[in-house]
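Have a look at the structure below before the remarks.
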Amino acid sequence: MHLAAGEVEAALERLGSGAQALHAVLREPDQGEPTRLAQGYAYEGPMSGAVEGKPRPWRERRLVGRSMRHAAAAAAALRARGAKAKAPVDALHLRGRGRRRVAEVEP
């Protein structure tokens, strides 16, 4: 189940404010050190539904998690995009036959 529109912001706000601590999700191998797969937290939220025409409220446990592998891939993609964007800017300062050098511009 995906979170509603305002719930995502509320979940991230709890992390940003320090009100919610993250817990490690570990894989315990038969031998050796455990491997951290993800980090996240759980909280309870209200739910309701109709059973035989009668409203039935209950509390549901919701998990908010972040995969370590996905986070590493996103960081690598961001670095690659930055390098790709920087290359044309660096090419402006190349000197050579028939190329004018770009003058320094103050911000």
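Every read-out reported here was derived from the displayed coordinates using simple, explicitly stated rules and does not represent laboratory data. Predicted, not measured: the structure shown is a model, and the values here were computed from it. Here the Cβ is made from the backbone with ideal geometry for all residues, glycine too, and neighbour counts use every protein chain on show.
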HN-Hα J couplings of the stretch 58-75 from phi, Karplus 6.51/-1.76/1.60, θ = phi - 60°, integer Hz, Gly and Pro as x? 7, 10, 10, 7, 10, 10, 10, x, 9, 6, 5, 5, 5, 5, 5, 5, 5, 5
Pick out which of Gly32, Gly53, Gly45 has the largest mean-square fluctuation in a Gaussian network model of the chain, springs linking Cα atoms closer than 10 Å. Gly53
Regarding the stretch 5-68, what's the average projected area of the Cα-atom convex hull, expressed in nm²? 6.9 nm²
Looking at (i) 1.02; (ii) 1.17; (iii) 1.27, which value of Rg/Rh (Cα atoms, Kirkwood Rh) comes from a calculation on the structure shown? (iii)
Can you list residues from other chains, or at least 5 along the same chain, whose modelled amide H is less than 5 Å from the amide H of Leu37? Val25, Leu26, Arg27
May I ask you to compute the full-extension gain from Ser17 to Ser48, defined as 0.36 nm times their residue separation minus their alpha-carbon distance, rounded to one decimal in nm? 8.3 nm
So the FRET efficiency between Ala85 and Ala5, C-beta based with R0 = 41 Å and rounded to 0.05, is 0.85
Mean separation of Cα contacts under 8 Å, 6 or more apart, over the residue count of the stretch 31-77: relative contact order %: 41 percent
Given DSSP loops and a limit of at most 14 other Cβ atoms within 10 Å, what is the longest stretch of the chain that contains no such trypsin sites (Lys or Arg not before Pro)? 1-94
Please identify the GluC sites (Glu not before Pro) of the stretch 39-74 that satisfy two criteria: DSSP loop assignment and at most 10 other Cβ atoms within 10 Å. Which are they? Glu52
Calculate how steeply helix 5-16 sits against the longest principal axis of the alpha-carbon atoms of the chain, using the helix alpha-carbon long axis, and give the answer as 0 to 90 degrees to the nearest 10. 70 degrees
Sequence-distant or interchain residues sharing an amide H contact under 5 Å with Leu22, placed H: which? none
